[in-house]
Amino acid sequence: MTSQKTLKDVKMHYCPGCGHRMINKLIAHVIDEMGLREKTIMSSPVGCSVLVYDYLDLDVIECAHGRVPSVLSAIKRCLPDRFVLGYQGDGDLAAIGTNETIHTANRGENITIIFINNAVYGMTGGQMAPTSLPGQVSTTTPKGRGANFEGNPIKMCELLATLDGPTYIERLAMNSAGSLKNIKEALKKAFQCQQDGKGYSFIEILSPCPTGWKNDIKESLNFVDKMQEFLPVGVFKDERKNR
Amino acid sequence: MKKELMKGSHALVHASIEAGCTFFAGYPITPQNEIPELMSKLMPKSNGTFIQAESEVSSINMIFGAASTGARSMTSSSSPGVSLMQEGISYIAAAELPCVIVNMVRAGPGLGNLRASQADLFQSVKGGGHGDYRLIVLAPSTNQEIYDLTMAAFDYADHHKNPVLILGDGIISQMIEPVELKKYKPILPLPSKDDWALTGCKDRQRHLVKTTRLDPPDLLVKHNLHLKKKYKKISDELTLFKEFETEDAEIIIVAYGITARVAQETVHLARKEGMKVGSIQLITLWPFPNKILKKYRGRDFLVVEMSNGQLIEDVKLALGCKGRILHFGYGGGWYPDTDQILTKLRNMKK
Ligand SMILES: Cc1ncc(C[n+]2csc(CCOP(=O)(O)OP(=O)(O)O)c2C)c(N)n1
């Protein structure tokens, strides 16, 4: 039996079908199972999950948009024996905070970043994200992404895997009950990587956003499948044995 | 005590480490590269952390993180870099985290040039970042003042739970002078950080460092009133300045930083010519030393600065419309010299 201390008994504000809700819960469960709660310092990013501290009973720092990696790098350097956990959306991590993301990974900071990729700016009402799919219609790509020099989705796992700094990089998709088990396992691996002092771990989760995508829950799961055509799931880097 | 010859930048680094600063992050920019360079050497020796960040946006956010753990932390830069830090500074002020930020000002706007300037005063004392907040702003004029004020800056920051900005310039940063390397001793009571620092919620309620205050709508109104009260308290408690020959002065020169030293020399020369001139060196630029200026209201004032007109605004606010308040500014890099100021004084006497 694991005691569930991290997850607070409150109603979450997330929309129906939103991936943040399940991922918040999974994080709480893994933190409890691994006994990390009392040594955890977590970030909340600017985005739909900014209020993550309303759901998780942890020491949390709310960062400016995109600056999570810098803030956490410093916290980990000041408190090397604490568990330092980053949580970021795609606009946060792969647009306004790309610079911080790349350099923190390149320094091989011993922290863990969870990247919630919902291919859209959820919080601000469904604008194009750096990870939006080719042809994806959003409130700022009325003719679909690509019709107006918007480029293609940025593949963060692939990009970060070119660096020597990171230790563990994996992308997963949240599209079924079964996928939750895989995500939980990946979180455990990443958290353990940090606990063992092995360095930077990065978990990307392709996560449904029915509201932002203007579809229903079932269609949103199909959309997550479609995301995988551009952003395939898998382990992109695993240097745990060598560090 | 023994004095050592050193650059202003180096005095700043030695004082920081002596005062227990354990975290420094910065990005290279002239004229303050000596600060991160010496930090990179000395920080590891005192078990502290030095990080060369990928940008000033990142350095200030590292300071946000380090300060949130309760560590004494510092970043330094020069004008264009400090412009990039404004977002982070607003967050740090909102979260009421103590830290020290250094700006060795160079001439702007834009990339400008590398010469000394005082044209970042508005940015320093009127905001710069978004929202209603204040920085404590300290302006040293000698290397000894750099050393002493840097140690004090960490105490002011901790005592008031507020970021402190040390406002220097390219000359202050580069000039070599003797410095007495004093032992650190807190000049103020330092409140415990145990009730807010992020350390993991072991045997206590969790701590939150956050700046959103969404609900209810008056939550932010209340927080900002709390900040207003804090700023009022700081204004009541903290103003630093020095006076030179003001007692019988008919004209008082007001200046800060390196310009205040030129002003003092000018006072000396003007007195030789029989002109009754004095000067006031402002050390805190926020809180602004209004009281000392008001004491001499009605006399003639000459505001001297390395900018085409920023300090003059605060001096006019302090003095109201009584007496003559003239300006001698030098914009675009470099300082007004004694000859130029003397000419201005002679014209004022006519
Ligand atoms: C500097 C700055 N620019 C813009 C914003 C507005 N903003 C708030 S949330 C957000 C998008 C977040 O999107 P994402 O990171 O994808 O997270 P999601 O909301 O989809 O979970 C933006 C642009 C901001 N808060 N700060």
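The values are calculated or read from the model by the stated rules, or taken from the named source; none is laboratory data. These figures come from a predicted structure and were not determined experimentally. A quick note on method: Cβ atoms are made from the backbone with ideal geometry, for glycine too, and the neighbour counts reach across all protein chains shown. Surface areas here come from the heavy atoms of the whole protein model, side chains and all, with no ligands, DNA or RNA. Shrake-Rupley method; radii C 1.70, N 1.55, O 1.52, S 1.80 Å.
Taking loop as defined by DSSP and a crowding limit of 15 other beta carbons within 10 Å, which chymotrypsin sites (Phe, Trp or Tyr not before Pro) in segment A:67-149 fit?
A:F149
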Any trypsin sites (Lys or Arg not before Pro) in segment A:87-161 that lie in a DSSP loop and have at most 11 other Cβ atoms within 10 Å would be A:K143
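Can you pull the mean other chain C-beta count within 10 Å for peptide A:77-87?
4
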To the nearest 10 degrees, the tilt of helix A:19-33 (Cα long axis) against the first principal axis of the alpha carbons of chain A is 10 degrees
For segment B:37-94, the spread of Cα positions along each principal axis, largest first, Å
31, 25, 15
Explain nothing, just the number: dipole magnitude of segment A:135-243 about its Cα centre with +1 on each Lys and Arg Cβ and -1 on each Asp and Glu Cβ, in debye rounded to the nearest 20.
180 debye
Total accessible area lost when A and B pair, probe 1.4 Å, Å² to nearest 100:
2600 Å²
What percent antiparallel are the DSSP beta bridges of chain B, to the nearest 5?
25 percent
With every protein chain present, what accessible area does A:L7 have (1.4 Å probe, heavy atoms only), rounded to the nearest 10 Å²?
50 Å²
So what's segment B:160-216 giving for Cα Rg divided by 2.2 N^0.38 Å, two decimals?
1.87
Hey, can you grab everything whose amide H is under 5 Å from the amide H of B:L97? Only 5+ residues off in sequence or another chain; H modelled, so Pro and N-termini drop out.
none
How do B:W334, B:W286 rank by accessible surface area computed with a 1.4 Å probe, from largest to smallest?
B:W334, B:W286
Please give the average number of partner chain Cβ atoms lying within 10 Å of the Cβ of each residue in B:204-214, rounded to a whole number.
5
Nothing charged except the Cβ atoms of Lys and Arg (+1) and of Asp and Glu (-1): what's the magnitude of the dipole of chain A about its Cα centre? Round to the nearest 20 debye.
200 debye
Sorted by accessible area (1.4 Å probe), largest first, how do B:H160, B:H14, B:H268 line up?
B:H268, B:H14, B:H160
Projected onto their principal axes, the Cα atoms of segment A:9-51 stretch, largest extent first, over whole-Å spans of 30, 19, 17
Identify the trypsin sites (Lys or Arg not before Pro) of segment B:1-33 meeting these criteria: DSSP loop state and at most 13 other C-beta atoms within 10 Å of the C-beta.
B:K2
If you project the alpha carbons of chain A onto the principal axes, what extent comes out on each, in Å, largest first?
49, 41, 32
Gained length - B:L111 relative to B:D195, 0.36 nm times residue gap less alpha-carbon distance
26.0 nm
Across B:80-92, the residue-averaged tally of Cβ atoms belonging to other chains within 10 Å stands at 1
Reported to the nearest 10 Å², B:Y133 has, with a 1.4 Å probe, an accessible area equal to 20 Å²
Grab the other residues whose beta carbon is less than 14 angstrom from that of B:L240, score K and R as +1, D and E as -1, and report the net.
-4
Set the Förster distance to 30 Å, then compute FRET efficiency between B:E180 and B:K349 from the Cβ-Cβ distance, nearest 0.05.
0.15
With the convex hull built on the Cα atoms of the protein assembly as shown, state its orientation-averaged projected area in nm².
29.7 nm²
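Could you size up the charge dipole of the protein assembly as shown around its Cα centre, putting +1 on the beta carbon of Lys and Arg and -1 on that of Asp and Glu, and report it in debye to the nearest 20?
Roughly 800 debye for the protein assembly as shown.
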Percentage of Cα-Cα pair distances in segment A:134-222 greater than 23 Å, rounded to whole percent?
42 percent
Quick query: amide H of A:Q127 versus all other amide H atoms, modeled in the peptide plane; which residues come in under 5 Å with a sequence gap of 5 or more or a different chain?
A:Y121, A:T139
State the answer as a single residue: which of A:T162, A:G86, A:F115 lies farthest towards the positive end of the charge dipole of segment A:19-237, with beta carbon charges of +1 for Lys and Arg and -1 for Asp and Glu, about the Cα centre.
A:T162
Identify all aspartates and glutamates with a Cα-Cα distance to B:K183 below 13 Å; exclude those on the same chain that are fewer than 8 residues away in sequence.
B:E18, B:D148
Take the eigenvalues of the Cα gyration tensor for segment B:3-180, scale each by 5, and report the square roots as semi-axes in whole Å, largest first.
21, 19, 15
Tell me, what is the 1.4 Å probe accessible area of A:E170, in Å² to the nearest 10?
20 Å²
Can you pull a Stokes-Einstein diffusion coefficient for segment B:210-322 at 10 °C (1.306 mPa s), Rh from Kirkwood over Cα pairs, as a whole number of µm²/s?
100 µm²/s
Arrange the residues A:C48, B:C99 by how much accessible surface each exposes, largest first, with a 1.4 angstrom probe.
A:C48, B:C99
How far is helix A:177-195 tilted, in degrees, relative to the longest principal axis of the Cα atoms in chain A, given as a value from 0 to 90 rounded to the nearest 10?
40 degrees
Dipole of the protein assembly as shown (Lys/Arg Cβ +1, Asp/Glu Cβ -1, origin at the Cα centre): which of B:T284, A:G35, A:Y14 lies farthest to the positive side?
B:T284
Search the structure for amide H atoms under 5 Å from the amide H of B:H327, placed 1.01 Å from N in the peptide plane, and list their residues when 5 or more places away or on another chain.
B:V303
